[in-house]
1. Have a look at the range 293-337 and give its Rg and Dmax from the Cα atoms, expressed in angstrom.
2. In the chain, what percent of the accessible surface is made up of carbon and sulfur (1.4 Å probe, ligands and nucleic acids excluded)?
3. In Å², what does the accessible area per residue of the chain work out to with a 1.4 Å probe?
4. How big is the dipole moment of the range 154-226 about its Cα centre under a simple scheme where the beta carbon of each Lys and Arg is +1, that of each Asp and Glu is -1, and everything else is neutral? Debye, nearest 20, please.
5. Which lysines does LYS285 reach when only Cα atoms under 28 Å apart count, and residues fewer than 8 places away in its own chain are ignored?
6. Per residue, how much space in cubic angstrom lies within the convex hull of the C-alpha atoms of the chain?
7. When only the heavy atoms of the protein chains count and the probe is 1.4 Å, how do TRP101, TRP70 rank by accessible area, highest first?
8. Rounded to the nearest 500, what is the chain's calculated 222 nm mean residue ellipticity when only DSSP H runs of at least 4 contribute -39500 (n - 2.57) each, over all residues?
Amino acid sequence: MSESRAFCPRCGDAVPERSASDANSPLRPGAEVELCDSCYFEDFDFVDAPDRIDVRVCARCGAVYRGNRWVDVGADDYTDIAIEEVSEALGVHVDVEDVAWQIDPEQVDQNTIRMHCYFTGVVRGTPVDEQVTVPVKIARQTCTRCGRIAGDYYASIVQIRAEGRTPTSEEIERAKAIANAIVADMEATGDRNAFVTETSETDDGLNIRVSTNKIGKKISNKMIEEFGGTVNDAETLVTEDEDGNEVYRVTFAVRLPPYTPGDVIDLAEDDGGPVLVRSARGNLKGVRVTTGERYEASYEEGNSPDARKLGSLEDATEATVVTVEDDNAVQVLDPETFRATTVARPDYFDPNAETVPVLKSRAGLHVLPDESDD
Ligand SMILES: [Zn+2]
Ligand SMILES: [Zn+2]
């Protein structure tokens, strides 16, 4: 078996010819003309590290400036950020195998962290190691988003109002929750321009100031999807931006329906008995508290048929059932006078119940559905 010989292209020393598998390795292009070990290690640079790394960090939210924009990195502290930035910036020679490394951060002062990085690996069968120290300078700034929040910036106002009443606390709380959820969803997709600037309760409802018109529109649409009602938007020219474009602020006026689920209403020009409202989305829908029959307002009436509110499910009190008279009537004790009183028997009335919820109003005494165990 004859020994195959090759020569170092730099010093001319004989080197063992590399095996075919090595020469064809995509990781080692041109490996068949490699230098001898001595010439190779003369040029070998294991770790490529910058002299220092400057990191711009938002002092308010912890975002880091990368490339040409602020990004949320989810780091707990500046050391974590420094480690991440150093990891991004360091490079190791492609020939090295079994690379292992560790970083030992040394806090020098409030804004400087010296990163001691220790690398080991194997190249040409020879163990190599290298230690580099990279200072990381932290510059505390305010990101665009935090600057805007601090400056009470907003592009859109959502006004939550209701027709002929003030919005309920449930509607107010829901509007706030919807606003926060929409912003959280947008933030989760990396949108840093989404935020709620301010929510303020007024005498007639709630105002939500948000950072973009898109968010305002989403909140308004979600509110009327859940509660019914209408939304109108109006643009106001507020300024021109640096390029001379007109900047508009959009006000979304949400008008919730006059009646809400749980209200008991007395319809004008209708003798079918009061209606317990079940839904105010689209046309108002509910049940007659005299019979339990379904009621739906006409298209023309929509969610605001001519009616007056008698009370709501929450106003109901428990009344003792005295006797069931027939299919249409039942006797209960009037919760105020404690006199046995005959009232209409709706089909949701449970003949085995000892007590039933009743509403006493201008329209008289009515049995309501028992929803206590829902
Ligand atoms: Zn050589
Ligand atoms: Zn920030």
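The values are calculated or read from the model by the stated rules, or taken from the named source; none is laboratory data. Keep in mind that this is a model prediction, so the values were computed, not measured. Using ideal geometry, Cβ is built from the backbone for each residue, glycine included, and neighbour counts are taken over all protein chains shown. Areas reflect the complete protein model, heavy atoms only, side chains present, ligands, DNA and RNA absent. Shrake-Rupley method; radii C 1.70, N 1.55, O 1.52, S 1.80 Å.
1. 15.7, 42
2. Numbers: 9260 of 21290 Å².
It is 43 percent, rounded to a whole number.
3. Solvent-accessible surface per residue comes out at 57 Å².
4. Details: 10 positive and 13 negative charges, 63 e Å.
Here the size comes out at about 300 debye.
5. LYS176, LYS217, LYS218, LYS222, LYS309, LYS360
6. Values: hull volume 113.4 nm³, N = 374.
It comes to 303 Å³ per residue, whole-number rounded.
7. Working: TRP101 115, TRP70 30 Å².
Sorted by accessible area, descending: TRP101, TRP70.
8. -5000 deg cm²/dmol
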